[in-house]
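What follows is a set of notes on a single structure, which appears directly below.
The values are calculated or read from the model by the stated rules, or taken from the named source; none is laboratory data. From a predicted model like this one, the values you see are computed outputs, not experimental measurements. Every residue, glycine as well, gets a Cβ built from its backbone with ideal geometry; the counts of neighbours run over all protein chains shown. The accessibility values were calculated without ligands, DNA or RNA, using every heavy atom of the protein model including side chains. Shrake-Rupley method; radii C 1.70, N 1.55, O 1.52, S 1.80 Å.
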Amino acid sequence: MSNSAQTARALAALGHEARLDVYRLLVRAGEDGLIVGDIASHTKLPLSTLAHHLRTLVSAGLVVQERQGREVVSYADFAAVKRVLSYLTSECCQGVSLVREDAA
């Protein structure tokens, strides 16, 4: 998958208010991550709805999940979001040349 496609997928995943809230919560949790029940408590999302949103974030490469015993811990993938931001800003201030057709 191209960088453009990966970035579009990540941005589409974050383009939903509930998923953005979940992702920001996981960012605040840092390297410790959060178990699904704690995410549900913080966001007030039903578990079935939360599971759907987490699957989307995982599929987009923004969240990593790890089973620890009976619990599933979710973590924000900080490297992935840095790649998205880098892609968006990598050509900053490079200039743009306009293609103009002569009006002859």
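Observations
- Efficiency of FRET between L85 and K44 - r from beta-carbon atoms, R0 30 angstrom, step 0.05: 0.60
- Stretchable slack from E101 to V58, in nm (0.36 nm times residue separation minus alpha-carbon distance): 10.9 nm
- Modelled spin-label separation between D21 and Q6, with each label point placed 7 Å from Cα along the Cα-to-Cβ direction: 3.0 nm.
- 5 angstrom amide H check on V72, placed H, neighbours 5+ away: V36
- For region 3-59, trypsin sites (Lys or Arg not before Pro) meeting the loop criterion (DSSP other than H, G, I, E, B) and having at most 15 other Cβ atoms within 10 Å: K44.
- Folded to 0 to 90 degrees: helix 17-29 orientation relative to the chain principal axis, Cα: 70
- Each residue of region 74-83 is assigned a 3J(HN,Hα), and the resulting list reads 10, 10, 6, 8, 5, 5, 5, 5, 5, 5 Hz, derived from the Karplus form 6.51 cos²θ - 1.76 cosθ + 1.60 (θ = phi - 60°), x at Gly and Pro.
- Overall form of region 1-80: prolate. Here a/c, set by the Cα gyration tensor axes a ≥ b ≥ c, is 1.5 or more, and a/b is the larger of a/b and b/c.
- Across the protein chains, with a 1.4 Å probe defining accessible surface, the residues E66, E17 rank E17, E66 from largest area downward.
- Its Cα gyration tensor gives region 36-104 an equivalent ellipsoid, and the semi-axes of that ellipsoid, as √(5λ) in whole Å with the largest first, are 42, 15, 9.
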